[in-house]
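The values are calculated or read from the model by the stated rules, or taken from the named source; none is laboratory data. It should be emphasised that the depicted structure is a prediction, and the values quoted were computed from it without experimental measurement. Reconstructed Cβ throughout: ideal geometry from the backbone, glycine too, with neighbour counts over all protein chains shown. SASA here: full protein model, heavy atoms, side chains in, ligands and nucleic acids out. Shrake-Rupley method; radii C 1.70, N 1.55, O 1.52, S 1.80 Å.
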Amino acid sequence: MRCRSGGNLTAAFPEIVAAASQLPDDTALDGELVAWEGDRLAFERLRQRAHRRAATAARAAGQLQAHFVAFDLLRTGAA
């Protein structure tokens, strides 16, 4: 999982990685990570999560769960 600037966000969002593991291998999606706090999007808190790793990332996922909104299916590995 990469951000627009090319940085690797995989370790920071374990809940997204777990959901993506259900997709066929070699699947590529384009989309946006979002997080809700009450009835508002929490962009700043989501940005703060981008720097978490390992146990702190898992703890942060429990406090503010991220969701992936897919815009485009770029490639699918489904046969």
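Values as computed for the structure displayed
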quantity	calculated
Some residue of the stretch 10-27 being part of a strand (DSSP E or B) and of a type in the set (A, V, I, L, M)	no
Residues that are over 10 Å from the mean Cα position of the chain (by Cα) and not aliphatic (A, V, I, L, M), drawn from the stretch 16-37	S21, Q22, P24, D25, D26, T27, D30, W36, E37
Any hit, the stretch 2-15, residues being open to solvent by 60 Å² or more (accessible area, probe 1.4 Å), at pLDDT 95 or above, in contact with a strand residue (DSSP E or B) (Cβ under 9 Å, 6 or more places away or on another chain) and not β-branched (V, I, T)	no
Of all residues making up the stretch 24-41, the number that are surrounded by 10 or more Cβ atoms within 10 Å (Cβ to Cβ) and without any contact (Cβ under 8 Å) to a residue 24 or more places away in the chain	1
Whichever residue in the stretch 42-79 is among the hydrophobic types (A, V, I, L, M, F, W, C) and open to solvent by 70 Å² or more (accessible area, probe 1.4 Å) and, among such residues, is farthest from T10 (Cα to Cα)	A79
Count of residues meeting criterion [small (G, A, S), modelled with pLDDT under 90 and within 15 Å of the chain's Cα centre (by Cα)] in the stretch 38-55	2
Tally, over the stretch 46-79, of residues that are under 18 Å from G7 (Cβ atoms) and basic (K, R)	4
Checking D26 against (1) out of contact with any strand residue (DSSP E or B) (no Cβ under 7 Å at 6 or more places or on another chain); (2) on the phi > 0 side of the Ramachandran plot, the condition it does not meet	(1)
Yes/no for E32 being at pLDDT 90 or above, part of a helix (DSSP H, G or I) and in contact with a strand residue (DSSP E or B) (Cβ under 8 Å, 6 or more places away or on another chain)	no
